[in-house]
Amino acid sequence: MSILAKMKMQPLLSVRDLSKFYGGRIGCADVGFDLYPGEVLGIVGESGSGKSTLLSCLAGHLAPDRGEVIFDTKEGPRDTVQMAEAARRRLARTDWAYVHQNPRDGLRMGVSAGGNVGERLMAVGARHYGDIRAAAVDWLGRVEIAADRVDDRPSAFSGGMQQRLQIARNLVTGPRLVFMDEPTGGLDVSVQARLLDLLRGLVREMGLSAIIVTHDLAVVRLLADRLMVMKGGYVVEQGLTDQVLDDPQHAYTQLLVSSVLQV
Amino acid sequence: MTDQTAYNFAYLDEQTKRMIRRAILKGVAIPGYQVPFASREMPMPYGWGTGGVQVTAACLVPEDRLKVIDQGADDTTNAVSIRRFFQRTAGVEVTEATADATVIQTRHRIPETPLTEGQILVYQVPIPEPLRFLEPRETETRKMHELEDYGLMHVKLYEDISRHGQIATAYDYPVKVEGRYVMDPSPIPKFDNPKLGGNAAIQLFGAGREQRIYALPPYTQAISLDFDDYPFAASKADHSCDLCAAPDSYLDEVITDDQGSRMFVCSDTDFCASRRAAGHIGPMGAPRAGADVE
Amino acid sequence: MITISNLSKSFTLHNQGAAVIPVMAGANLAVAPGECLGLVGASGSGKSTLMRMIWGNYLAAAGSIMVGDVDVAKAAPREIIALRRGTLGYVSQFLRVVPRVPTVEVVAEPLLTLGIPAKEARARAMALLAQLNIPERLWSLSPTTFSGGEQQRVNIARGFVHPYPALLLDEPTASLDLVNREVVLTLIESAKARGAAIIGIFHDEQARARLCDRLVDVTQFTPEMAQ
């Protein structure tokens, strides 16, 4: 079957035996998975399960104590854990994006929306004001922010708009892998839906791969192709999202799924 | 026994001067890089040039001829008091003539007269970190310098254009040194920026409160940051000096009465005076005999 | 197209004393292209479970489920994702979508994930919605607020918007009026005619008689009805 033949490609991200300890406590341990281009991986678990530690290790914000995070860079697969910080930061502003739960952590609140979106472009060498501004306006449009807000500061935006601005700021350089930490966390339910739809569309159109950490099972069901369930720093179950949610194998996953309040 | 009632040469003790010289040498070796140093308490408040004074003290030798300017002028309070300070503590000769000086301490200007090899220009720097207003964390700005992560610098210029239609930064205009470090040239007008690069003199920058020293060795490249479609332009008041008629010097605008009359004069007093001495006379600079007060 | 051999399944309820409930054992069946197979059996006999296992939604304990050349029982998640994208369609009884997404986008989405240009995808979605008698004024609204019958037709539209070579239909005509029932039956017939292999659950006996080439009673796969 031709689709499968096409899928025998290089994983975008290969994680092997990744572990991080805080003294004697386990942050995350023995985590391994492959993420292929265009795939969205959800990571769920309760607070303290190690999902945020894992995301930080993957994104290079935390140095793991053991293991490999091999990213398929333009020069071929490289272990980002061993990489020099300069090279890792270059990846972080070209091939990667990181969407924070709180947009204030991911935005420059004192800089206009256009400046926020343009920063990554300028960081990779864009030096034409007109082009940078045009790209910023285009991206504001793609995240449904009116062009006439381009010179407004994010502090004048609603929470949902701030989050969309953060997404535009991250995606403007056409990254291949997006890390998202509870992207719909602090938002109203109605705003969440709009953001989810936006993210789905962007992932599809740009062929993005994404790793989404959340405790909201409804969010992963709608966004993630695959799901990893963490408990106490370990991955206790992983598989196809709907399979893990509808036919959970591990005791903890069964508990997690059965604990969701029904509306 | 040494004389315990006199100052040590140039006020600072020898150990301190050695420490500062080491920082200066490191700064010269890595143009544009901010070298931390243990700034001392000086007998003047922060903001009055404590960084520049310490660098000057570490550079001076008894044979030096010192010139001190404040915004281009030799005769303002800050310039006069620092000049007097070194006269008293180092006993060096002083001068107002740019060409005669071996060490020039400056606040916010580069002299109009081109500097030559062998001269040292010492800048007083209030805030040495060009990224500071955009990124408050020192750990982060140091990391950004280390990794040449300078996108933020252009964000500042972008904000300028989006708000004012042009790059409105008129002083303290950042430069990139030898394609590596982005550097704050101290609050000199951007008119002076072209003189930073390729200068024959050694340029040293001292920030006392912030405890940083950095340097541009002679003939170092320093390029003012800009956009392709908004190129850097060194600007000045569109006028000639009313005293010496110089068309190309940096001008101060002086209000002369309550009716809004004004005149433009060279900010560099030595430059203006020597031009007038050479016979260049502007519209308001006519030499009049006798008292012309009131 | 779809071949199931020696398939078994049990549920382990870890939080209820680790009770193991066997629900299927030794299931075998095969469907050829252009053939429609109906699953029958009393409620709780495992019709939906079997469908969900073919869809990859439930894990198989043993045996194999070949859809084309992919063994769903052993395939990696991304192989199943690819299979669902281009080969295997599924019309379930429930519509699960992102709230506030317009109906036309919901129906066009399977095409968009296949890389079909948005304009063409939308045109095909609209044609199908029109055929299924969803009033045009509803196309720009989210189907989450629709009536049961309307939601079901949106679900059917999603399942038929791409010509999947294999289709799973879970009671596609359940809550439809006669007119729309006829439209859906025609859709299924034409899918058969173009060579789709179909497995369906039809409580509607007339529909079953009209569509199904063969019936399989899943009760024979049920290990002594666990209580």
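Using the Cβ-Cβ distance between A:VAL124 and C:LYS119 with R0 = 41 Å, the FRET efficiency computed as 1/(1 + (r/R0)^6) comes to roughly 0.80. Rg/Rh, computed from the Cα trace of the range A:107-174 with Rh as the Kirkwood radius, has the value 0.92. Relative contact order of the range B:179-294: 19 percent, from C-alpha pairs under 8 Å at least 6 residues apart in sequence. What FRET efficiency do you get for C:ALA32 and C:ASN6 if R0 is 30 Å and r is their Cβ-Cβ distance, rounded to the nearest 0.05? Approximately 0.95, to the nearest 0.05. With R₀ set to 51 Å, the beta-carbon distance separating C:ARG96 from A:GLU75 gives a calculated FRET efficiency near 0.80.
How much space per residue, in cubic angstrom, does the convex hull of the C-alpha atoms of chain A take up?
On the way: hull volume 37.9 nm³, N = 263.
For chain A, the hull spanned by Cα atoms encloses 144 Å³ per residue.
With Cα atoms defining each centre, the range C:17-82 and the range C:140-189 are spaced 22 Å apart in the structure. Taken over chain C, lysine pairs spaced eight or more positions apart, or on distinct chains, with alpha carbons under 25 Å apart number 4.
Taking beta carbons within 10 Å but only from partner chains, what does the mean come to for residues A:107-117?
Mean number of neighbouring Cβ atoms from other chains: 4.
If packing is taken as the average number of other Cβ atoms within 10 Å across a peptide's residues, how do B:228-238, B:112-122, A:226-236 rank, most packed first?
Values: B:228-238: 13.1, B:112-122: 18.2, A:226-236: 22.3.
Order by mean packing, descending: A:226-236, B:112-122, B:228-238.
Using alpha carbons only, the radius of gyration of the range B:117-214 set against its Kirkwood radius gives Rg/Rh = 0.96.
Could you run the Debye sum over the Cα atoms of chain C, one equal point scatterer each and no solvent, and tell me log10 of I(q)/I(0) at q = 0.08, 0.11, 0.15, 0.18 Å⁻¹, two decimals? Each listed q maps to, in turn, -0.30, -0.56, -1.02, -1.35.
Considering all projection directions equally, how large on average is the shadow of the alpha-carbon convex hull of the range A:157-263, in square nanometres?
Numbers: hull surface 29.6 nm².
Projected area, direction-averaged: 7.4 nm².
Note on A:LYS51: lysines with a C-alpha under 22 Å away, same-chain residues under 8 apart excluded, are A:LYS20, A:LYS231. Between B:GLN87 and A:ASP246, the modelled labels are 9.3 nm apart [label points 7 Å from Cα along Cα→Cβ].
Normalised by 2.2 N^0.38 Å, where N is the number of residues, the alpha-carbon radius of gyration of chain B equals 1.05. Paramagnetic label reach from B:VAL61 (point 7 Å along Cα→Cβ; backbone nitrogen cut-off under 16 Å): within the range B:196-221, residues B:202. Whole Å is fine, so just give me how far the alpha carbon centre of the range B:162-191 lies from that of the range A:188-263. Between the Cα centres of the range B:162-191 and the range A:188-263 lies a distance of 48 Å.
A simple spin-label model places pseudo-atoms 7 Å from Cα toward Cβ; at C:SER43 and C:GLN131 they are separated by 3.2 nm. Our note on the geometry: Cα centres of the range B:76-98 and the range B:113-137, 21 Å apart.
Label positions at B:ALA38 and B:GLU178, each projected 7 Å from the Cα along the C-beta direction, are separated by 2.8 nm. D by Stokes-Einstein for the range B:176-288, Kirkwood Rh over Cα pairs, 10 °C, 1.306 mPa s: 96 µm²/s.
Considering only Cα atoms, the convex hull volume of the protein assembly as shown works out to 210 Å³ per residue.
What's the magnitude of the charge dipole for the range B:148-294 around its Cα centre, counting Lys and Arg as +1 and Asp and Glu as -1 at the beta-carbon? Answer in Debye, nearest 20. Please list the in-between numbers first.
Details: 13 positive and 23 negative charges, 79 e Å.
With Lys and Arg at +1 and Asp and Glu at -1, about 380 debye.
Is any helix in chain A, taking whole DSSP H runs, at least 24 angstrom long along its axis by alpha carbon and on average at least 0.5 on the Kyte-Doolittle scale, and which ones?
Long hydrophobic helices here: A:189-206.
Taking a straight line from the alpha carbon of B:LYS190, these lysines sit under 17 Å away, with near neighbours fewer than eight places off in the same chain left out: B:LYS156, B:LYS176, B:LYS236.
Computed from the coordinates by the stated procedures, all read-outs in this text should not be read as laboratory data. Just so it is clear, the model here is predicted, and its values are computed rather than measured. Note that we place each Cβ from the backbone using ideal geometry, even for glycine, and neighbour counts take in every protein chain shown.
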